[in-house]
Amino acid sequence: MQKTLRNARFIKPPNKIKQKVGGGGFEPDVAKKGQKAIDDTDVDFAPYAEKYLKDLAEVIADYEHGRISNEDTRERLAATVMQLKANGGMFSYSLISEIADTILLLLDNISDLNRDALDIVKAHQNSIQIIVATRLKGSGGREGSELVRELGNACTRFYTKYGISPQ
Amino acid sequence: MAYKLENARVLVVDDMPPMLSLTKSLLNIAGFKNVLTAGSGETAFDLFCRESPDLVITDWIMEPMDGLELVERIRTDTMSPDRYVPVIVMSGFSSRFRVETARDRGVTEFLVKPFMAKDLYAKIEHVIEHPRQFVEAEQFFGPDRRRRRRGDYEGPRRREDDGAYGTGNSATDKRAADTLRKLVEETRKRTQ
């Protein structure tokens, strides 16, 4: 079960879970039932979003007062924005998730949080704040798409200005 | 004949209670009867040592011990009852370097949040049907990382059939649309 290559040892462990569950895959209607459970969840995400927004505001204030480094600020902002993206999308606030995804991409592609980047972060923060305050669930339809596009355009202008190819 | 999921034990870890509960429900719907849950990395590792589950599904960002630290303990701690257990990390992160970081710390599969139910089940099926060989090297112990690179956003653009505002009320919808139009204008001015 083992072979050695240079300094690495390759191991093929027993597939314990396969031995227990056997074959055949999931029941065919499971995905549909599971998706219904996600779609029908009555969790109120707004209080969580408010907490994440508070955290976001605190990090920005700490940075603007010179209390935390540029690098720590980027990492802390990314962690908080990621929560808005992940959980907003799971609990009916898909527009928040889309907006957070845009800003997370920016935060993960810059090595310096300069004034221009911070302005873009704040524009996203402002949008999410209003969406949460108005309890605006769903995608926001045509207007929601336009907002996401406008925020995305701001990021694109930033990438062009600083020669960044986001990955 | 489908999987006999009642024979397997899964540990789910998330510090956001609704997400922990939702993930557990999704596993129950699939047919898993033995789903253990933990709200922190520390509790999860204790449970893991006691119960030795067949699969671990964990959130990434948690405090004080995050999901990747949990994976490292599972892979390297002498108390760990199963260093080879498959671990799926769920996270909103999707940039290439984040996914590679997770992989370099011993994660088996990466599930981008938000996800659809079918994505979760597909990852589990992949773990069952396509186990990864392990590599033990001086600097690394974990599933073989030599696989196609894929770092872009994998998550679905969810709920295409979603109501645009989720209110079901036309007056409220109009107010929501007005709010968003103002936001577009404001964003344009702020970011020019």
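7 Å from Cα along Cα→Cβ at both B:Ala171 and B:Glu125: what's the point-to-point distance in nm?
About 4.7 nm, to one decimal.
Could you work out how far helix B:117-129 tilts from the main Cα principal axis of chain B, as a 0 to 90 degree angle to the nearest 10?
With both axes taken from Cα atoms, the answer is about 20 degrees.
Restricting the count to DSSP beta bridges whose residues both fall in the protein assembly as shown, what percent are antiparallel, rounded to a multiple of 5?
Of all bridge pairs located within the protein assembly as shown, approximately 35 percent are antiparallel.
Within the set of other residues whose C-beta is less than 12 Å from the C-beta of B:Leu120, count the net charge using Lys and Arg as +1 and Asp and Glu as -1.
Residues near B:Leu120 contribute +1 overall.
Which shape class applies to the range B:5-143: rounded if a/c is under 1.5, otherwise prolate when a/b exceeds b/c and oblate if not, where a ≥ b ≥ c are the square roots of the Cα gyration tensor eigenvalues?
The shape class here is rounded.
Using the 10 angstrom Cβ neighbour count as an exposure proxy, how do B:Met62, B:Met90, B:Met116 rank, fewest first?
By the 10 Å Cβ count, ascending: B:Met116, B:Met62, B:Met90.
Which of these, A:Val30, A:Val121, A:Val148, has the largest mean-square fluctuation under a Gaussian network model of chain A (Cα springs below 10 Å)?
With Cα springs under 10 Å in chain A, the top fluctuation among A:Val30, A:Val121, A:Val148 is at A:Val30.
Could you name the lysines whose alpha carbon sits less than 24 Å from that of B:Lys182, not counting residues in the same chain fewer than 8 places away?
In chain and number order, the partners are A:Lys54, A:Lys85, A:Lys122, A:Lys137, B:Lys174.
From the square roots a ≥ b ≥ c of the eigenvalues of the alpha-carbon gyration tensor of the range A:27-83, which class results: rounded (a/c under 1.5), prolate (a/b over b/c), or oblate?
oblate
Rounded if a/c is under 1.5, else prolate if a/b beats b/c, else oblate: with a ≥ b ≥ c from the C-alpha gyration tensor eigenvalues square-rooted, which is the range A:44-162?
Note, shape of the range A:44-162 comes out oblate.
Fewest first, what order do B:Thr76, A:Thr73, B:Thr108 take by the number of other Cβ atoms within 10 Å?
Ordered from fewest to most neighbouring Cβ atoms within 10 Å, B:Thr76, A:Thr73, B:Thr108 come out as B:Thr76, A:Thr73, B:Thr108.
Among B:His126, A:His124, A:His65, which comes first, then next, by fewest other beta-carbon atoms within 10 Å?
A:His65, B:His126, A:His124
Could you work out the helix-only [θ] at 222 nm for chain B, with each DSSP H run of four or more residues adding -39,500 (n - 2.57) and the total divided by the number of residues, to the nearest 500 deg cm²/dmol?
-13000 deg cm²/dmol
Could you name the lysines whose alpha carbon sits less than 23 Å from that of A:Lys20, not counting residues in the same chain fewer than 8 places away?
Cross-link targets: A:Lys12, B:Lys4, B:Lys24, B:Lys33, B:Lys118, B:Lys123.
Residues with beta-carbon under 13 Å from that of A:Leu106, excluding A:Leu106: net charge, scoring Lys, Arg +1 and Asp, Glu -1?
0
At a Cα cut-off below 14 Å, give the aspartates and glutamates reachable from B:Lys189, other chains included and same-chain residues fewer than 8 away excluded.
Once the sequence-local aspartates and glutamates are set aside, what remains near B:Lys189 is A:Asp116, A:Asp119, A:Glu150.
Coordinate-derived values only; no laboratory data. Predicted, not measured: the structure shown is a model, and the values here were computed from it. Because the Cβ atoms are built from the backbone with ideal geometry, glycine has one as well, and the counts that use them run over all protein chains shown.
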